[in-house]
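*Asks:* Sending over a structure as structure tokens; questions will come in a sec.
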């Protein structure tokens, strides 16, 4: 059964709950498992990373969460906004080598470089970038994810602007296609990394 959920913009008081949801949603994501294979360490790194990522979203992006209780979160970066070293430093994300370890940091850097290269090639025009979307595992498949992204998709349509994202979960492709995205590129990260897909959604007429 699917249901629409009411959504709202993230407030600072909800950030800890939203970070916990994202950590649980991404715990078995192939990119995270490849970068940090040990479950205990991955759980610890994710708890730190998603708190910092949401700080980034609060300062430089647009973050939506479910309204009644935080069952999901979507972090968008607006047109013209990119992940820059200065901004990452301001929210503490440049501490990744210390938090995750050098081998994990190398894998994250490998993935980040590959995705950024594809991003530049796939979407050299103004667009919204869906950096993170996660739903509490027990609530997945109930329309929460769709509700979280529809507000920005609607705004993008009104503005005539495309939306872009990447994923390392093949099962996500069906979900995003239902929302109007199409696969632009399918590849694999260097160094025996997992496969990934980039997707683009043209603004609806």
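*Asks:* What number of residues within the range 142-154 are over 16 Å from residue 177 (Cβ atoms) and either crowded, with 18+ Cβ neighbours inside 10 Å or without any contact (Cβ under 8 Å) to a residue 12 or more places away in the chain (or both)?
*Replies:* Of the residues in the range 142-154, 6 are over 16 Å from residue 177 (Cβ atoms) and either crowded, with 18+ Cβ neighbours inside 10 Å or without any contact (Cβ under 8 Å) to a residue 12 or more places away in the chain (or both).
*Asks:* Being farther than 22 Å from residue 31 by Cα and in contact (Cβ under 8 Å) with a residue 12 or more places away in the chain narrows it down to one of 179, 165, so name that one.
*Replies:* Working: 165 fails: farther than 22 Å from residue 31 by Cα.
Unique residue meeting the criteria: 179.
*Asks:* Restricting to the range 8-19, count the residues that are surrounded by fewer than 22 Cβ atoms within 10 Å (Cβ to Cβ) and touching a residue at least 40 places away in the same chain (Cβ under 8 Å).
*Replies:* The qualifying residues number 6.
*Asks:* Right, another one. Quick check on my filter: what residues within the range 122-169 are under 23 Å from residue 20 (Cα atoms) and assigned to a loop (DSSP other than H, G, I, E, B)?
*Replies:* Correct list: 136, 140, 141, 142, 143, 168, 169.
*Asks:* Further question on the same structure: So, in the range 122-141, of the ones that are in contact (Cβ under 8 Å) with a residue 24 or more places away in the chain and loosely packed, with under 15 Cβ neighbours inside 10 Å, which residue ends up nearest to the chain's Cα centre (by Cα)?
*Replies:* Checked the range 122-141; the qualifying residue nearest to the chain's Cα centre (by Cα) is 137.
*Asks:* Among (1) in a helix (DSSP H, G or I); (2) farther than 18 Å from residue 199 by Cα, which single condition is residue 119 missing?
*Replies:* Tallying (1) in a helix (DSSP H, G or I); (2) farther than 18 Å from residue 199 by Cα, residue 119 fails exactly one: (2).
*Asks:* Within the range 182-191, how many residues are closer than 19 Å to residue 204 by Cβ and touching a residue at least 24 places away in the same chain (Cβ under 8 Å)? It would help to see each step written out before you state the result.
*Replies:* From the range 182-191, those closer than 19 Å to residue 204 by Cβ are 182-184; that's our starting set.
This time we only want the ones that are touching a residue at least 24 places away in the same chain (Cβ under 8 Å), so: 184.
Residues in the range 182-191 being closer than 19 Å to residue 204 by Cβ and touching a residue at least 24 places away in the same chain (Cβ under 8 Å): 1 in total.
*Asks:* May I ask you to list the residues in the range 170-183 that are touching a strand residue (DSSP E or B) at 6+ places or on another chain (Cβ under 8 Å), outside any helix (DSSP H, G or I) and either at pLDDT below 95 or surrounded by fewer than 21 Cβ atoms within 10 Å (Cβ to Cβ) (or both)?
*Replies:* 170, 179, 180, 182, 183
*Asks:* Does the range 186-201 contain any residue that is within 17 Å of the chain's Cα centre (by Cα), on the phi < 0 side of the Ramachandran plot, assigned to a strand (DSSP E or B) and surrounded by fewer than 20 Cβ atoms within 10 Å (Cβ to Cβ)?
*Replies:* Scanning the range 186-201 turns up at least one residue that is within 17 Å of the chain's Cα centre (by Cα), on the phi < 0 side of the Ramachandran plot, assigned to a strand (DSSP E or B) and surrounded by fewer than 20 Cβ atoms within 10 Å (Cβ to Cβ).
The values are calculated or read from the model by the stated rules, or taken from the named source; none is laboratory data. Everything quoted here is computed from the prediction, not taken from an experiment. Positions of Cβ are backbone-derived with ideal geometry, glycine not excepted, and every protein chain shown enters the neighbour counts.
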